[in-house]
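The values are calculated or read from the model by the stated rules, or taken from the named source; none is laboratory data. Owing to the predicted nature of the structure, the values given are computational and were not obtained by experimental measurement. A quick note on method: Cβ atoms are made from the backbone with ideal geometry, for glycine too, and the neighbour counts reach across all protein chains shown. Calculation scope for accessible area: heavy atoms of the full protein, side chains included, ligands and nucleic acids excluded. Shrake-Rupley method; radii C 1.70, N 1.55, O 1.52, S 1.80 Å.
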Amino acid sequence: DLYEVYGAICERKLILLKTVKGSNNTSTTIKKLNGKKLDLKKNYKFYIIAFREKDGKKVQIGNSLHIHIAGRKSSDTANIKGIRVKNKSYTLKKGKTARIKAKLVLADKKKKALSEKHGPRFRYASSNKAVATVTKGGKIKARKPGKCTVYVYAINGCSKKIRVNVR
């Protein structure tokens, strides 16, 4: 029913920037922080919380990852425009493991990605932990027969899907 968008310059405390109402609103634009235009030379972080209204009160139903974005005019850092993975799918026997090999694709190859102080280079999640789990380091472990998707997330929210089939 509504969501709140929080943001800040990296390394500062997040503040509420905008509340967006209506379940059909799937995007919003942030142009200011604390009443000032965003400085495209600085790096920013954002976080979103989704709510449902129940009995006149808002109840949290979900939240985003913390995402960090390099300023477009930053002299040394570039945003990530994608993720490249060695394998787009894995077929594993129950109990077996595989390691995801991923690389960042930068918007400007002459610059570097945001450092690890902003957060891990990659984050991983399984759509069904009963079928397969994935560690912080990208190691998939087959749990029981079935299919699921493992998601690889970059620090700015870019993602890649990997299909996992457990036999």
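Residue-level check: of (1) in contact (Cβ under 8 Å) with a residue 24 or more places away in the chain; (2) part of a strand (DSSP E or B), residue 40 misses just (2).
The single condition among (1) open to solvent by less than 60 Å² (accessible area, probe 1.4 Å); (2) at pLDDT below 95; (3) within 21 Å of the chain's Cα centre (by Cα) that residue 22 does not satisfy is (3).
Within the stretch 112-134, the set of residues being open to solvent by less than 50 Å² (accessible area, probe 1.4 Å) and closer than 19 Å to residue 67 by Cβ comprises 113, 114, 118, 119, 122, 123, 124, 125.
If you go through the stretch 135-155 and keep only what is out of contact with any Gly (no Cβ under 9 Å at 6 or more places or on another chain), open to solvent by 30 Å² or more (accessible area, probe 1.4 Å), touching a residue at least 24 places away in the same chain (Cβ under 8 Å) and not small (Gly, Ala, Ser), you end up with 139, 144, 145, 151, 153.
Residues considered: 67, 61, 30, 83. Of these, the only one that is open to solvent by less than 30 Å² (accessible area, probe 1.4 Å) and of a type in the set (A, V, I, L, M, F, W, C) is 83. Among the residues of the stretch 43-58, those identified as open to solvent by 100 Å² or more (accessible area, probe 1.4 Å) and either closer than 25 Å to residue 116 by Cβ or in contact (Cβ under 8 Å) with a residue 12 or more places away in the chain (or both) are 52, 53, 58. The stretch 70-114 holds strands (runs of 3 or more DSSP E) entirely within its bounds, and those carrying 3 or more residues that are under 17 Å from the mean Cα position of the chain (by Cα) map to 80-85, 102-106.
Just to confirm my filter: which strands (runs of 3 or more DSSP E) fall fully inside the stretch 121-167 and include at least 3 residues that are more than 19 Å from residue 82 (Cα to Cα)? Result: 132-134, 139-142, 146-154, 159-166.
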